[in-house]
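Inspection log for the structure reproduced underneath, given as structure tokens.
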Amino acid sequence: MKHTHRAKEIVMGIAMRLSDYLKANEVQYEVVHHPHSGNSIQTARASNVPACCLAKAVVLEDDTHAVMAVLPASRRLQLRELQAVSGHALRLATEADLKDLFKDCEPGAVPPVGVVYGIETIWDDSLMEQPETYIEAGDHETLVHMKTRDFIGLMKGARHMALSSQTDEERRPLF
């Protein structure tokens, strides 16, 4: 089922702030439902989506602010590179901090669009390698599917760089 910014129905599974942002930016997207999953690789498998096309959010923090790194689910964050660019000694955000930042989302189901939540965002250049992108919608059973160019447009001027490396998951077939 395709949803556009003109959709009148309430889209179940999409965090309200994300839904409002997609509508405000007139992004065409499709909602993809899948069996409950606990992490991005499980989500890719459960939804039959290549892990390289699923953008994940890794939320990091220091004592003063949060930073969201956005990269393909198939890749691993290179924390040292991100710390060098940000100038901060970053660590993974705690579950409690995530709960406070993403009040309209289920714990651990963070949409990788930091601007929606007022979080500095840096996205990985490898996201541009795929024509389509899937993102967590705010729960563990729903993805939002859109063109990659639209997804990158939602980043609203966020910095980007090579901030990830390949994993075994990226080198082997999905199924």
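Please compute one quarter of the surface area of the Cα convex hull for the chain and express it in square nanometres.
9.4 nm²
Per the 1.4 Å probe, what fraction of the accessible area of the chain, in percent, lies on carbon and sulfur atoms?
Accessible surface attributable to carbon and sulfur in the chain totals 52 percent.
Normalised by the number of residues in the chain, what is the relative contact order in percent for Cα pairs under 8 Å and 6+ residues apart?
Taking the mean separation of contacting Cα pairs over the length of the chain, I get 28 percent.
Would you mind calculating the relative contact order of segment 75-154 from Cα pairs under 8 angstrom and at least 6 residues apart, reporting the percent as a whole number?
Working: 67 pairs, mean separation 17.7, N = 80.
For segment 75-154, the relative contact order is 22 percent.
Please report, in debye to the nearest 20, how large the charge dipole of segment 66-116 is about its Cα centre when each Lys and Arg carries +1 at its beta carbon and each Asp and Glu carries -1 there.
Charge dipole, segment 66-116, about its Cα centre: 240 debye, nearest 20.
7 Å from Cα along Cα→Cβ at both R91 and Q130: what's the point-to-point distance in nm?
Result for the modelled spin labels: 3.1 nm.
Mind listing the Cα extents of segment 96-175 along all three principal axes, in Å, largest one first?
For segment 96-175, the Cα spread along each principal axis is 35, 32, 22 Å.
Give the accessible surface of segment 40-137 per residue, rounded to a whole number of Å², with probe radius 1.4 Å and ligands, DNA and RNA excluded. If you can, show how the numbers build up before the last one.
Values: 4290 Å² over 98 residues.
Per residue, segment 40-137 has 44 Å² of solvent-accessible surface.
Name the residue farthest towards the positive end of the dipole of segment 101-169 from the options S165, I122, P112, assuming +1 on Cβ of Lys and Arg, -1 on Cβ of Asp and Glu, about the Cα centre.
Positive-end residue among those listed: I122.
Using a simple charge model, +1 on the beta-carbon of Lys and Arg, -1 on the beta-carbon of Asp and Glu, nothing else, what dipole does segment 1-129 show about its Cα centre, in debye to the nearest 20?
In debye, rounded to 20, segment 1-129 gives about 420.
The values are calculated or read from the model by the stated rules, or taken from the named source; none is laboratory data. In this text, all values refer to a predicted model and were calculated from it rather than measured experimentally. So basically every Cβ, Gly included, is an ideal-geometry build from the backbone, and we count neighbours across all protein chains shown. These accessible areas exclude ligands, DNA and RNA; they are computed on the full protein's heavy atoms, side chains included. Shrake-Rupley method; radii C 1.70, N 1.55, O 1.52, S 1.80 Å.
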